[in-house]
1. Angle, helix 211-221 long axis vs. longest principal axis of the chain, Cα atoms, 0 to 90°, nearest 10?
2. Stretched out fully, how many nm does the piece from residue 207 to residue 247 gain, at 0.36 nm a residue minus the Cα gap?
3. Any idea how far apart residue 256 and residue 96 come out in nm if each label point goes 7 Å out from Cα toward Cβ?
4. With the cut-off at 1.5 for a/c, could you classify segment 40-98 from its C-alpha gyration tensor as rounded, prolate or oblate?
5. If you average the sequence gap of Cα pairs under 8 Å that are 6 or more apart and divide by the length of segment 124-164, what percent do you get for the contact order?
6. Could you work out the Kirkwood radius for segment 133-199, taking every pair of different alpha carbons, averaging 1/r and inverting it, reported in Å?
7. Can you work out D for segment 68-161 in µm² s⁻¹ from Stokes-Einstein, where Rh is the Kirkwood radius over C-alpha pairs, the temperature is 10 °C and the viscosity is 1.306 mPa s?
8. Quick one: angle between helix 239-252 and the longest Cα principal axis of the chain, in degrees between 0 and 90, rounded to 10, please.
């Protein structure tokens, strides 16, 4: 595998930004690991971080590089700050950045496929929300999306600090309803449309503080026309759970092997 720290300028944000990228490599002599890369452009997983983290966190807290070594899969891990993967009410356009600019730049820098069947997205917590938002709003771009302990449903009866953070991303409660940030709404819209339907994977630990909200989203998804997988088991909102379940996501991905 090749591991690249990529620092670049975002015209959308007007900021210098970063992403970590794992690229496949054919290897024979690595001790304890075999590397694999197919001919042609690489399929790619966009792997998203949570609220308190950055683009480096998946590499620091899991063995994602080792897990994908024999899959021929590239992994792009971009920084998005505390944006909730949204165009913020302040004018900072993180949604445009993650949905348009990051894929375009990553493909210009690296040998990545732009085919829908080769593009996937996953994330944890806030990144789980981002992964579902990309999957449901950009079904022509992504063949599959996965949310691990995702912030997939929002309530507005919270403390002032969290409400302020949500309003920065979503606007008011009324503005959130029926918008591209309302995942249940977007799932219903996509299910009823003639657009391609991505595969969707959702998991959450039964001791996670987001467990009940994940159950609510599960209830909505099970009413709709998707190839949808839900899994749960013992676990809290922590890296032991995510390290185990990103391996499950990788097994589930519809790679053309």
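A short reminder: the numbers here are calculations on the coordinates, not readings from a lab. Treat the numbers as computed from the prediction; the structure is a model and nothing was measured. Neighbour counts run over all protein chains shown; Cβ positions are idealised from the backbone, glycine included.
1. Helix 211-221 and the main axis of the chain meet at about 90 degrees.
2. On the way: separation 40, 0.36 × 40 = 14.40 nm, distance 2.00 nm.
Using 0.36 nm per residue and subtracting the Cα-Cα distance, I get 12.4 nm.
3. 3.3 nm
4. It is oblate, given that a/c is not under 1.5 and a/b is not larger than b/c.
5. Numbers: 39 pairs, mean separation 18.8, N = 41.
Contact order relative to length: 46 percent.
6. On the way: mean 1/r = 0.0764 Å⁻¹.
When all Cα pairs of segment 133-199 are included, the Kirkwood radius is 13.1 Å.
7. Numbers: Rh = 14.3 Å.
Result for D is 111 µm²/s.
8. Here the helix axis deviates by roughly 70 degrees.
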